[in-house]
Amino acid sequence: MSDQSIQRQRPNVYFHRYYDAIFLVAKKEYLRVFLWLYQGGTSYVGDYLQTTPRRMKGLKAWEKAVLNRKELSVRFDICMLYSMLQRTCGLTEDTAELWNEPQTSAERESLEHSLYLIKEIRNDLSHPDLQPFLFHMSNEEFGEKLNELRHLCQYILRKAGEKAYRTTQEIENVIFNMELAFTGVKSNPIPSGFTPEKLAIVAKQEMRTKCSYSTELLTTYVKPLLLPIFPMKSNSKWLDIPLEIIANWHCENGNSPTNIVFYGDSGTGKSALCQYIYSCWLSGSSEILDLQSYDIVVPVTCNNVSNRDILDYLDMSLSESISECGREEFREFLKSLKVLWLLDGFEEATVDARELLSKIRMHCTSHLMIFTVKPQYKQDLFYVLSVDDRVLEVALYGLSDNGIFDFITKFLNQKEADVNLIAKQSKEFREDVQALGKDIIMELHVPLKLKLMLELWQGGRLKGNSSSPFTFLYLELIDLQKSKLLKLIKQKTTLREEEIILRADRWITDICKVAFDMILRSEFLNIKETSRDTVVKISEPLLIYPEDSLSLFINVQGHAKDNPTYSFLHGSQQYFMAAQYVVTLMEPSTNPSQLLDEVFMNEILRKRDINCDHLYMTLLFVISRVALASDVDTDVACALICLLDMCRELNVFEVVQYAGYSPVFVENISAFAEDEWKVTENEMRAAISLLEFQTPDRIFLDIVTDPKETTELSSFLGIISKKILLVHCNLRFHCLRPATEFSDSYLKSLCSSDALCTVVEFVGNLSEEGCRLLFKTPYIYELTVKVTSDEVFKLILQSMPHLPLLKRLTLYIEMPRLPRVTSCNIEIEEFNVILHHLNCSSAKSAAETLSRVSKKYNKITLFDTRASSASRFFEVLKNGNICVNTLERCLDFTLRGEKLYYFEDYGRTHKICTKVGRTHFLE
């Protein structure tokens, strides 16, 4: 910003005069009114408040702190006096509209409302939207505002004087002296023009003008999960502590801390936390309670400090305030101001930053300092702090489960305003990430990684049906971590940029080699002592502490002085880094397939005790990396698949997914496919790819979720309908849900006249049309149908003679009453019936209908039916000489968030409590 524009932000002489009129004159008279009306006698106001019915209930935290310190009322600000006037002076209850929203002219002329107006005039000085006007008011505007303030002061003195039984002479003498004071302020302002309070207002306005802060951060920031290292008070529990009250946190003994330390690993949001606190203060936001009570908040990026003197450092953002006030006067004022220092990234602190910290602690003992630091640098920080310091330690664990949801919503809201669409996208993202496995889900708690995942997902590279979602994610993470490493080396060494990049690349390769060697030694996650020395040794060329570089990529516990431990964050990270090393070996090789044999085959044959599961997963990640190439070598693909087959039985769908559906890999893996495939919604795309090269004898299609959400289902059914194979089609979602959606549309291609496949098993919800379509296929031997109408029930019974191969029939009946039917006496190997919501009347008719349908049932189950109705139902069946292997009544209920079923056998009782998920199907 130019010097002229900065000059325009500085307050003029009329602001200084107006400020003095408020704080030197009006505040004095405001205090006089309080003292006239105070009803507590000689008791301290805080002690008197405790004797009132409301005690201190409803007071703000900073007001309670003032009273607990027993500060004298002469030191109270106008806002504090206003709060005490409402509670201790016999005025109207502070909850009444009389104070701030009077309805009549009499109320508008009340003492209470006039006190409110003066308090608002004082607050306007700190209001960011009004400060530009107040800083540059004209002489006429100053005169108008001064007259308004003078008249209000006159009014409250007369009203309060009358209420306190002061004599007219005393009141008029006080007003006369007040008028002289206002005249003196108007004509003879104090020479320096500064007090600590005025300096705080001017300094904040200059910082708001010069310093950048993110208004977007105020709406997009998601508060992290914060846990105290030790309880914050003796009676507190180890629970998440709210960031909103950071300005009022207390140590275990109840004292206010002089230092708050946030520990957090890379990417957990330490810097974002500091930026958020600073933005809240600078913008005037009330998101963090009582943060605005701080006169100045100073952000310090510890790796970017080059000034050791406090004023030299502050001069970057407060040069005009320091210049106008005078350096020495500013230095003295600074000691009495309420200041918050935000020291971000102490582990990277320069020598100047550490010296600056020492001077702050020496000269500004009342200031609060907030540090962010990696956990392994705790000892370094406490070496700088004094043993007398009151330190509150807090662990920053990234995002909570609710925080993850909020973060996703706010991220999507930046590009999309439709609430329903945002909810849909949020759900799709979480489902796609969940499909990638539990290791990826662990990454969601790290804000930096969650943001990266969302960006990849929006670009289509992390969706469940995208090519190599794992690889895209981890490659981006490696690039992100590498950029941080380069920045760190550049800050702490004098190496040329080309040399820094070269050393960093070599170091990353060496770390990947450690991961690979551990796989070959069957070591998982934790880096053992034998490898620990290697890890430290390979970090030496970077010329920085090993913990600085390693903590960007893996988990580091402890400091170099304490023999730290190292481990990979989770299995997928180790697999990927090991695979990355293999790819690095392959890139310069003229015969990569032979190299793969040499690297893996010898190890597999030589080491009988190698963990084949870990080796299998590493090879999957190698496949994922190789598949990214535009021209995949067939020999390499064949070699990798053969190596996988040597490790354990292949999951062909999994291999296809890791290969990103690369045609070369799909063709090679198709030779290993079994004759029978079990295909779920998660494997649909892989199955479609394999069908181009291989046709199984039989496909078991098992769709658990809503078929509409499986976009490839229709095309998959169309493809298998043109193949000669047997199909087991299970659309259990339609059976389990009370929805009225039918499965008919999914049968059209499978049961069309030109279909080559044969449906032998079906589970779903059919209409009359669907039944007619399915029953054209006479080869069905297993059938489970949800029955919701009399017509479907009758049609199924009529079609039984045309299904000669049917061996198992299950009817999932959801009707209030079964229709009367003629005797059909169906005889099959296994006949099951599930009925819902029978009462005494419908129980009898249902039993009679089932007696006509068949004389033999394997199992009949009643859901949500009273015991009396069940007894009546079972009695009718007995009287009809109907043979049933298992008669049972089932009640469902929820216990501690888990869905449980209680089964009661007719004639004897026992409990079978089964944890039931959304896809559970009772057979």
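The values are calculated or read from the model by the stated rules, or taken from the named source; none is laboratory data. Everything numeric here is computed off the predicted structure, so don't read it as measured data. Backbone-built Cβ (ideal geometry, glycine too); neighbour counts: all protein chains shown. For the accessible areas, the whole protein counts, side chains as well, though only heavy atoms, and no ligand, DNA or RNA atoms are used. Shrake-Rupley method; radii C 1.70, N 1.55, O 1.52, S 1.80 Å.
If you take the residues of the stretch 725-740 that are part of a loop (DSSP other than H, G, I, E, B) and open to solvent by less than 70 Å² (accessible area, probe 1.4 Å), which of them is modelled with the lowest pLDDT? Going through the qualifying residues, I end up with A739.
The listed residues are P663, P707, and the only one of them that is modelled with pLDDT under 95 and farther than 22 Å from E761 by Cβ turns out to be P663.
Within the stretch 685-709, the set of residues being open to solvent by 10 Å² or more (accessible area, probe 1.4 Å) and either of a type in the set (V, I, T) or part of a helix (DSSP H, G or I) (or both) comprises R685, I688, S689, T695, V704, T705, K708, E709. May I ask you to list the residues in the stretch 61-114 that are farther than 20 Å from G40 by Cβ and in contact (Cβ under 8 Å) with a residue 60 or more places away in the chain? Once the filter is applied, which keeps residues that are farther than 20 Å from G40 by Cβ and in contact (Cβ under 8 Å) with a residue 60 or more places away in the chain, the stretch 61-114 yields A61, W62.
Residue-by-condition table, conditions (1) assigned to a strand (DSSP E or B); (2) in contact (Cβ under 8 Å) with a residue 24 or more places away in the chain; (3) not polar (S, T, N, Q):
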{"residue": "L750", "(1), (2), (3)": "no, yes, yes"}
{"residue": "L783", "(1), (2), (3)": "yes, yes, yes"}
{"residue": "F793", "(1), (2), (3)": "no, yes, yes"}
{"residue": "P801", "(1), (2), (3)": "no, no, yes"}
{"residue": "M815", "(1), (2), (3)": "no, yes, yes"}
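The condition (being under 30 Å from P804 (Cα atoms), modelled with pLDDT under 85 and surrounded by fewer than 18 Cβ atoms within 10 Å (Cβ to Cβ)) is satisfied by just one residue among F921, F903: F921. Total residues in the stretch 791-838 satisfying the condition of being in contact with a helix residue (DSSP H, G or I) (Cβ under 6 Å, 6 or more places away or on another chain), at pLDDT below 90 and open to solvent by 80 Å² or more (accessible area, probe 1.4 Å): the figure is 2.
Would it be correct to say that T51 is under 29 Å from E170 (Cβ atoms) and either of a type in the set (S, T, Y) or at pLDDT below 85 (or both)? No: the conditions fail for T51.
When the stretch 615-670 is examined, which residues are found to be in a loop (DSSP other than H, G, I, E, B) and acidic (D, E)? Matches in the stretch 615-670: D631, D633, E649.
All conditions in (1) under 47 Å from the mean Cα position of the chain (by Cα); (2) surrounded by 16 or more Cβ atoms within 10 Å (Cβ to Cβ) hold for D47, with the sole exception of (2). Just so you know, in the stretch 416-464 the residues that are out of contact with any Ser or Thr (no Cβ under 7 Å at 6 or more places or on another chain) and of a type in the set (S, T, N, Q) include one that is surrounded by the most Cβ atoms within 10 Å (Cβ to Cβ), and it is Q425.
Checked against the criteria, C302 does not count as closer than 25 Å to N12 by Cα and crowded, with 21+ Cβ neighbours inside 10 Å. Based on what the data block shows, is L895 open to solvent by 50 Å² or more (accessible area, probe 1.4 Å) and modelled with pLDDT under 85? For L895, the condition - open to solvent by 50 Å² or more (accessible area, probe 1.4 Å) and modelled with pLDDT under 85 - is met. Which pairs turn up if I take residues in the stretch 162-177 that are part of a helix (DSSP H, G or I) and look for partners that are polar (S, T, N, Q) with beta carbon separation below 6 Å, at least 6 apart in sequence or on another chain? Correct list of pairs: I175/Q154.
For I544, indicate whether it is β-branched (V, I, T), modelled with pLDDT of 90 or more, out of contact with any strand residue (DSSP E or B) (no Cβ under 7 Å at 6 or more places or on another chain) and within 23 Å of G267 (Cα to Cα). No, not satisfied.
Note on the stretch 369-411: residues that are of a type in the set (A, V, I, L, M), touching a Pro at 6+ places or on another chain (Cβ under 7 Å) and farther than 15 Å from K449 by Cα total 4. Taken together, D697, D675, D633 contain a single residue that is closer than 24 Å to A579 by Cα, among the acidic types (D, E) and more than 32 Å from the chain's Cα centre (by Cα), which is D633. Total residues in the stretch 181-206 satisfying the condition of being in a helix (DSSP H, G or I) and either open to solvent by less than 60 Å² (accessible area, probe 1.4 Å) or modelled with pLDDT of 90 or more (or both): the figure is 14.
Of the residues making up the stretch 518-526, one or more are out of contact with any His (no Cβ under 7 Å at 6 or more places or on another chain), in contact (Cβ under 8 Å) with a residue 24 or more places away in the chain and either open to solvent by less than 20 Å² (accessible area, probe 1.4 Å) or assigned to a helix (DSSP H, G or I) (or both). When the stretch 854-875 is limited to residues that are within 24 Å of L736 (Cα to Cα) and part of a helix (DSSP H, G or I), the one that is most open to solvent (accessible area, probe 1.4 Å) turns out to be A867. For the stretch 527-549, filtering for residues that are more than 18 Å from Y581 (Cα to Cα), touching a residue at least 12 places away in the same chain (Cβ under 8 Å) and among the polar types (S, T, N, Q) leaves 1. Looking only at residues of the stretch 86-143 that are open to solvent by less than 20 Å² (accessible area, probe 1.4 Å) and within 43 Å of the chain's Cα centre (by Cα), we find that the one that is modelled with the lowest pLDDT is Q131. If the requirement is being among the aliphatic types (A, V, I, L, M), crowded, with 19+ Cβ neighbours inside 10 Å and in contact (Cβ under 8 Å) with a residue 12 or more places away in the chain, which of these qualifies: A671, A578? Result: A578 is the single residue among A671, A578 that is among the aliphatic types (A, V, I, L, M), crowded, with 19+ Cβ neighbours inside 10 Å and in contact (Cβ under 8 Å) with a residue 12 or more places away in the chain. The residue that is modelled with the lowest pLDDT, counting only those in the stretch 640-660 that are open to solvent by less than 20 Å² (accessible area, probe 1.4 Å) and closer than 21 Å to L462 by Cβ, is G660. The residue that is nearest to the chain's Cα centre (by Cα), among those in the stretch 291-316 that are modelled with pLDDT under 85 and within 16 Å of L199 (Cα to Cα), is Q292. Among the residues making up the stretch 19-44, those that are under 47 Å from the mean Cα position of the chain (by Cα) and either surrounded by 20 or more Cβ atoms within 10 Å (Cβ to Cβ) or part of a helix (DSSP H, G or I) (or both) are Y19, I22, F23, K27.
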